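K.L.:
Input: one structure, supplied below.
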């Protein structure tokens, strides 16, 4: 990531820390921002790429829950197409990504054991099963068993679906 992009996103992260809440953009069918709070910065170009990718999905229908995506090391983005009597719009929500908050809330919501939460942390970082096993000092088959247990508790059938469900359900960090 080049320095200019990093500086712009650093400013965005600082705005979110001060605000203690997300920045929300409403886009029209053409992808133009038609509503946001006064004084909010323009939609970052990095976010625009994620928005475009989500909207190009063949099954991107209104009302479907969309997972959060990591925009960079400190930000996540959710894109939600919506439709109604006023037409089709897209809601874009950018917020601080706090893995620790997601893990703690996920552990409580899905009744995960401590070890399952540790395995989930590795999965959320994109770590392979064998590498999670090495980090935790357990067998890869044990890690796979924990992943299966987490998927069962979250009613999902794949890692991607599991992560999407957890991040979508827990997109708002717990109150401090």
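The values are calculated or read from the model by the stated rules, or taken from the named source; none is laboratory data. Please read these numbers as outputs of a predicted model, since none were measured by experiment.
K.L.:
For region 124-154, enumerate the residues that are at pLDDT below 95, assigned to a loop (DSSP other than H, G, I, E, B) and farther than 17 Å from residue 105 by Cα.
P.N.:
126, 127, 128, listed by residue number.
K.L.:
Of all residues in region 22-38, which are within 9 Å of residue 89 (Cα to Cα) and at pLDDT 85 or above?
P.N.:
26
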